[in-house]
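J.: One structure is given below, represented as structure tokens, and several questions about it will come after.
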Amino acid sequence: RKSAPMPQDIMARKGGTPLVSLTAYTTPMAEMMDGICDFVLVGDSVGMVLHGLPSTVGVTMEMMIMHGQAVRRGLTTSMLVIDMPFGSYEESREQAFRNAARLMAETGAGAVKLEGGRGIEKTIQFLVSHGIPVMAHIGLTPQSVNTLGGYKVQGRGKEAKALMKDAKAVADAGAFAVVLEKVPAVMADKITAQIAIPTIGIGASANCDGQILVVDDMLGLFTAFKAKFVKRFAMLGDDAREAIQAYADEVQARSFPAPEHTFAEDVPEKTK
Ligand code: KIV
Ligand code: NA
């Protein structure tokens, strides 16, 4: 692929080859997934994964912009999507537009993602009609952890109808795709079948139109806890811990630095 996909290209993948996406927060990680992922999300999960916050509630616009800029520098052929942080869009359509426009202008993102279903329908409509592509996010919406009462599966039993309504609402409002987080697989399949925009699953179903995971989760770098829906495709955290211990041991044994890591006082050009 020569250039990054646009929201229309993502939409056109409905029912086709599954969309591949991951989160990224830094340039080197973005470079590794560039061209492999259809889109890369600068998720507000950055607050928990890289900043040690207890939830995504404390993530700021400034944090999103700084990480968005870093990720932007690492991408050439994947689309960049950026999360609107908690508190940056709920107040009014105008507040949402101002902050979405700032995120796009300062990071070069091609779209924003925000959390919510029917409650945020009008805001999605307003953003889209004013030039801002929106990815929706329903089911478990982590920014609402304090009112949801924890990170529970959403849309089970009596909640199923409400979840379907949320999916239809964000699709009708003009979102170009919707993340379904932590919902029963059968619900994810029903929603995927009944709405015209791609569903991006995380803790949803393999039949979604695409999948997303938090990159530090799937690489085994973030190990404070593991959600059931996370598959660790690598255990880089273990490698890192071992490397750090090996370094400490060698420093104390005075076996690091070895001669090849040190400089002679006076000599051959090439050893400089
Ligand atoms: O912030 C995030 O990482 C997300 C994805 C998990 C969808 O919103
Ligand atoms: Na998020």
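J.: Quote the FRET efficiency, to the nearest 0.05, computed for VAL186 versus THR147 with a Förster distance R0 of 22 Å and r equal to the Cβ-Cβ distance. Intermediate values should be presented prior to the final figure.
T.: Working: r = 26 Å, r/R0 = 1.16.
So, using R0 = 22 Å, E works out to roughly 0.30.
J.: Pop the C-beta distance of ALA240 and ARG73 into the FRET formula with R0 = 22 Å and round what comes out to the nearest 0.05.
T.: On the way: r = 23 Å, r/R0 = 1.07.
Efficiency for this residue pair is about 0.40.
J.: Related question: Given points 7 Å out from each Cα along the Cα-Cβ axis, report the ARG156 to SER92 separation in nanometres with one decimal.
T.: Taking the simple label geometry, ARG156 and SER92 are separated by 4.0 nm.
J.: As an exercise, use a Förster radius of 45 Å and the Cβ-Cβ distance of LYS14 and ASP266 to find the FRET efficiency, rounded to the nearest 0.05.
T.: Details: r = 68 Å, r/R0 = 1.52.
It comes to 0.10.
J.: Please arrange THR223, THR262 by how many other C-beta atoms lie within 10 Å of their C-beta, fewest to most.
T.: Numbers: THR223 14, THR262 8.
The order, fewest Cβ neighbours first, is THR262, THR223.
J.: To continue, here is another question. Which whole-Hz ³J(HN,Hα) couplings does region 34-40 yield from phi under the Karplus relation 6.51 cos²θ - 1.76 cosθ + 1.60, θ = phi - 60°, glycine and proline marked x?
T.: Using θ = phi - 60°, the values come out as 4, x, 8, 8, 5, 9, 10 Hz.
J.: Apply the Karplus parameterisation 6.51 cos²θ - 1.76 cosθ + 1.60, with θ equal to phi minus 60°, to every residue of region 64-80 and state each ³J(HN,Hα) to the nearest whole Hz, in sequence, with x for glycine and proline.
T.: 5, 5, 4, 6, x, 5, 5, 5, 3, 5, x, 10, 10, 10, 10, 6, 9
J.: For a quick protection proxy, order the peptides 190-201, 43-54, 246-257, 158-169 by their average other-Cβ count within 10 Å, most packed first.
T.: Details: 190-201: 21.2, 43-54: 19.2, 246-257: 10.5, 158-169: 17.7.
So the peptides 190-201, 43-54, 246-257, 158-169, ranked by packing, come out 190-201, 43-54, 158-169, 246-257.
J.: Ok, one more. Based on the alpha-carbon gyration tensor of region 37-113 and its eigenvalue square roots a ≥ b ≥ c, which shape applies: rounded if a/c is under 1.5, prolate if not and a/b is larger than b/c, or oblate?
T.: Values: a/c = 2.00, a/b = 1.14, b/c = 1.75.
Note, shape of region 37-113 comes out oblate.
J.: Quick one: which residues, 5+ away or cross-chain, put their amide H under 5 Å from the amide H of LYS113? H built at 1.01 Å from N.
T.: Those qualifying (amide H under 5 Å, at least 5 residues apart or on another chain) are ILE82, ASP83, MET84, MET135.
J.: Using θ = phi - 60° and the Karplus form 6.51 cos²θ - 1.76 cosθ + 1.60, what ³J(HN,Hα) does each residue of region 240-250 get, whole Hz, x for Gly and Pro?
T.: Calculated HN-Hα couplings, in order: 5, 4, 4, 4, 5, 5, 4, 4, 4, 4, 5 Hz.
J.: Amide H neighbours of ALA177 under 5 Å, at least 5 residues apart or on other chains, H built in the peptide plane: list them.
T.: The list, which skips near neighbours in sequence, is ALA136.
J.: Cα convex hull of the chain: how many Å³ per residue?
T.: Expressed per residue, the convex hull around the Cα atoms of the chain is 160 Å³.
Every number here is computed from the coordinates shown, using simple stated rules; none is lab data. Everything quoted here is computed from the prediction, not taken from an experiment. As a convention, Cβ positions derive from the backbone with ideal geometry for all residues, glycine included, and neighbour counts pool all protein chains shown.
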